[in-house]
Amino acid sequence: MTARDAPPLLDTRDLVARDVGARDRKARDLGARDLAGYRVLRSLASDQDAEVLLGHRSAIARDGDSVDDRGTGPLRPTEVQTVAIKRSPASDSAWQTALRECAALERARGDHVVDLLDMDADDESIRLIFERLPRGDLAELLSIRPRLDAGEAVTVLAPIASALLRMHAAGVAHGNLSASTVLFREDGAPTLIGFSNAQLFEPGAPEVVLEQVDAVGRDRAALGTLAALVLGRVDGARSRAARELIADLQGCDDESVLPLLASRLFEVAAAVPVRFEPDVQEADTSPSAWRAIPVGVVADGSIASPAEQPSSRWTAAVARLVPEPLAQRVVDTVVGSPAAPVFAAAAKAISRRWGAWTAGRRRLVLAVVAAAVTVVIAMAVAPSGAAGKAPIAVPSASWSASSSSGTSSSDEQPGGSSPSVSGDDPLAAVSWLVSVRDRCLRSLSVPCLDRVDEGGSSALSNDQSTIRVAEQGGELPDPLPAVTSDRPAVLIERLGDSALVRLGQAASTVSLLLVKGDGGWRIRDVVVAGATVPGTPAASPSPNPTTG
């Protein structure tokens, strides 16, 4: 074949034409079309009443430097506006809902309320044009952030509480507040959406009128639940202050929830920007998570070399000589001591000297040191037995009966667990968790708590402190309310792998924050209003809950 017969090379103009044509065909395949002057890109959400679409509008121009003489140069958008379009079928009920939503948004207009940009309609549908909130909703944030900084919780909750107070004073209640109706703007500001179920009433109405408005009551209850979920995830030095605020919220009247949040949140922490990136899973390095390595096996599971075997055997011998509770207490004290670096340096020096000794000398020194350490520790930490010292508390018969009634046969096995803990239902797991937790406290077993409390959580820290106080002669607090068929637990709200559960009857003041991890459901926090449970101090109610 000659050069004359060869097919012509593909021209640059053909490439541009093909690319533009492919984009146009793809847009038609996706059903893209114009609504209210905006190009519809995709659907964001839908239900039986309406659909929310993502749309954008831009002015298109072509660069002056065209790639050919026909003016088909590269496209250049001069201005782009992205919006959320709520579209519903044109019917009498849809018109009533749309008009009510517009009226509610007009009264609620202000900070932390979504902006209504425009409204459009024809014979087929009604379209409300809203600003786009690109950071997602609160439910999504809580699903990727198991733990929050105290300042982040303040940033989320304080603006919503203030916005609801302002709305109620203006004569409008949201009526459908949840983690899915709190979205975030590009700058991270929380914003209320979803006013289709809003309720209008007289602006400036007194409290006696607000109490009769159903939507106002729903707003107050919903924000109280959201506050418990968000504050329950607070980690760090201010977690105790967050738990105290949760207890105050659960113990106050409904009309005091919003003022209490608006005034007390900034006592917990100063507001900081919300981080929307997922948390990095960190390994639990607390002493309660430490596990002994079997003799002859190293950390990666391989068999140790013969040179390491004598040291491992003598290490195991020391472990048999020193009781486990005493060893655990020493480890906790050393790790939490400011002198931990000094201990580490001393251990390194001793290790070098140990390696230089002969095997016979090691045996002799090890035997003497083990005996001396055992005697010293026993004398230092054992109760004195003085006449005035209260004996270790013995659990009452009612405690034993209530704890044993909710315990399955698997609880009798060391390290055993119930299939309900690994399942998806937190209500199925809470009975087993409460029962086993009470047994751990009754038997004064710190390692047992790993089966029910989340590693590094407030619940684990408080329960460990309770056991140590009891070992020194203190009394054990009353157990948590038992979960039975007559007194079932109540699921207040669930978001992803976390759930807030109330124990006992509707008047119960005890709630558990449960979190599901690799090992199943665990207790992260115990929240009590006006009472004391094991390891959880009673919250002191504010003299004036309205002003904090």
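Relative contact order of segment 138-268, please, whole-number percent, based on alpha carbon pairs below 8 angstrom and at least 6 residues apart.
Rounded, it is 34 percent for segment 138-268.
Give me the base-10 log of I(q)/I(0) for segment 130-266 at each q in 0.10, 0.12, 0.15 Å⁻¹, Debye formula, one uniform scatterer per Cα, rounded to two decimals.
Scattering profile of segment 130-266, log10 relative to I(0): -0.32, -0.46, -0.71.
Let me check I've understood the local charge: for E211, count other residues with C-beta under 9 angstrom from its C-beta, Lys and Arg +1, Asp and Glu -1. What total comes out?
Value of the local net charge: -3.
Loop only by DSSP, 15 or fewer other Cβ within 10 Å of the Cβ. Give me the GluC sites (Glu not before Pro) in segment 116-183 that pass, ordered by residue number.
Answer by residue number: E124.
Here, each number is a calculation from the coordinates, and none is a lab measurement. A quick note: this is a predicted structure, and the numbers were derived from the prediction, not measured. Quick reminder, even Gly has a Cβ in these numbers, built from the backbone with ideal geometry, and neighbours come from all protein chains shown.
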